[in-house]
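As structure tokens, the structure follows; a few thoughts come after it.
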Amino acid sequence: MQGTTASEHFIPFRKADLVRMCLADPGLDAARRTGFSQFCELVSSIFHFEFHQRLENLKDLYAPVNPDADTLPAPVPPEAADTRELATELRNVLQAANYVAVTREDLERAMLEESLFKIRLEVDFDDFEEVLFFRRGESRRTETLVELFGLRRREIEFTNYDRVLVYVKFRDAEYFERQGRRNLMFVPGSTLLKLFQNVPKADLEMLFPNTEVRMKPIDKILIGVPAAAGSIAVVATKLGPTLLLVGAFIAFTIGLRAEPVSINQAALVTLAVGLGTLAGYLWRQFNKFKNRKIQFMKALTDNLYFKNLDNNAGVFHRLIDSAEEEECKESMIAYHALLLAEREMTERELDDAVEAWFRERWSTELDFEADDALAKLERLGLALRNGERYRALPLDEALRLLDQRWDDFFRFANPA
């Protein structure tokens with residue numbers, strides 16, 4: 001990652017790596033290292049079980065609007081699901097995974113910025129009933145743009161998003177029928193989910209499923225000016241004398257010319273040849289325009305091919321895994337900091353201690369969410385609160401409590 005901003009809540013280490021980083025801390029002796037390793041394993045198991053339930057819930061909510069479904073409708077249909085509930089649950093999972101919402105204003109400003117992608121894209125927002133954008137991992141990067149057929153190189157700095165999620169709900173079929181639009185590339189009324197990586201902020205519009213490629217003014221000039229000049233040359237060389245003759249005939253017909261004009265067969269043949277030449281020239285210019293647009297479409301497709309991470313229901317698996325990892329990491333590092341402190345700490349002190357640990361020991365800047373981490377520890381009973389101060393539950397007690405919580409997940413009442 002290049003220049004990741006310190007305002008990100010995302011912890012840019014794998015959970016397994018973070019556990020090893022904590023175990024390598026000299027503040028943990030051999031006995032506590034063993035206990036902390038078991039602590040992390042139990043915390044991971046509990047969050048994994050909880051997030052598995054959330055994954056199943058998301059799949060159930062998405063099933064009625066999933067355009068990629070490959071199963072038959074249920075003989076006993078479930079209760080009608082409200083897509084608003086899907087969007088709400090999706091937001092909750094994204095928040096747990098430390099994604100940040102991209103507002104409509106942010107999106108519109110991004111679409112006005114200079115694009116690294118050398119084409120102009122247009123999006124018809126009227127096609128959508130709902131649009132949500134979320135991103136994670138903001139950084140500043142530089143890119144060298146080649147211009148004027150390679151004669152000029154220009155370096156620009158831009159904002160890059162490591163992960164971008166797109167959620168769009170299309171309008172129903174009746175809306176598109178009223179507009180007379182058929183052969184759509186999407187299913188009206190469906191809800192699409194797309195997850196992308198390494199997306200420049202200025203190119204967010206290319207992620208929409210209904211993006212239309214438009215030529216930039218410079219491309220129109222490169223095609224239009226030679227076409228206009230060529231057309232004038234064709235008219236002057238191939239059609240000039242014949243058009244003068246036709247013009248004189250029309251002037252005589254409407255009374256603007258006194259002398260009669262005769263058009264013989266040779267003149268008509270010349271006129272036909274000239275018109276055919278002009279039509280052929282215009283057709284070649286039109287094909288140049290189409291080929292240019294095809295090149296742009298290919299560039300768009302190639303670009304998205306390497307940026308796309310997952311689609312529709314598959315997105316849920318990635319998000320749940322990411323959210324589960326973030327919840328685990330935040331809980332582990334908060335407990336680790338409280339355990340090493342061996343004293344009560346305020347939320348602010350814990351926040352500063354964790355951020356300093358990452359900065360000084362691992363050269364990483366981040367914005368740790370101490371309030372969220374403490375809330376998770378309190379829910380699990382792993383942090384004891386005394387007014388505005390917190391301390392870690394002793395490690396041996398924490399292990400017994402987590403073990404009991406895990407056993408309680410599978411406790412069923414005896415029907416006898």
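The values are calculated or read from the model by the stated rules, or taken from the named source; none is laboratory data. As the structure is a prediction and not an experimental result, all values here were calculated from the model. When we count neighbours, we look across all protein chains shown, and the Cβ atoms used for this are built from the backbone with ideal geometry, even at glycine. The accessibility values were calculated without ligands, DNA or RNA, using every heavy atom of the protein model including side chains. Shrake-Rupley method; radii C 1.70, N 1.55, O 1.52, S 1.80 Å.
A compact table of results
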quantity	calculated
Potential extension, ASN198-GLU56 segment - 0.36 nm per residue separation minus Cα distance	48.3 nm
Projected label distance in nm at GLU360 and LYS290, using a 7 Å step from Cα toward the beta-carbon	6.9
Carbon plus sulfur fraction of accessible area for region 293-416, probe 1.4 Å, in percent	49
Long pairs among LYS201/LYS298; LYS169/LYS290; LYS169/LYS307; LYS15/LYS169, criterion Cα-Cα beyond 25 Å	LYS169/LYS290; LYS15/LYS169
Förster-model FRET efficiency, 60 Å R0, ALA74 and LEU401, C-beta, rounded to 0.05	0.90
Label-point separation, GLU143 to ARG389 (7 Å along Cα→Cβ), nm	5.2
With DNA, RNA and ligands ignored, accessible area of PHE10 (1.4 Å probe; Å², nearest 10)	40
Additional length obtainable on full extension of the chain from ASP352 to ARG33, 0.36 nm per residue less Cα span	112.5 nm
GLU129 paired with ASN303, simple spin-label distance in nm, labels 7 Å along Cα-to-beta-carbon	3.0
Convex hull projection area averaged over all views, region 310-416, Cα basis, nm²	10.4
Estimated FRET transfer efficiency when R0 is 45 angstrom, pair ALA341-PHE409 (beta carbons, to 0.05)	0.90
Average projected area [Cα convex hull, region 320-365], square nanometres	3.5
HIS317 accessible area, 1.4 Å probe, all protein chains in place, Å² to nearest 10	90
At R0 = 22 Å, FRET efficiency that the Cβ-Cβ distance of ARG91 and ASP17 yields, to 0.05	0.20
Ordering of 339-352, 177-190 by packing [mean C-beta count within 10 Å, highest first]	339-352, 177-190
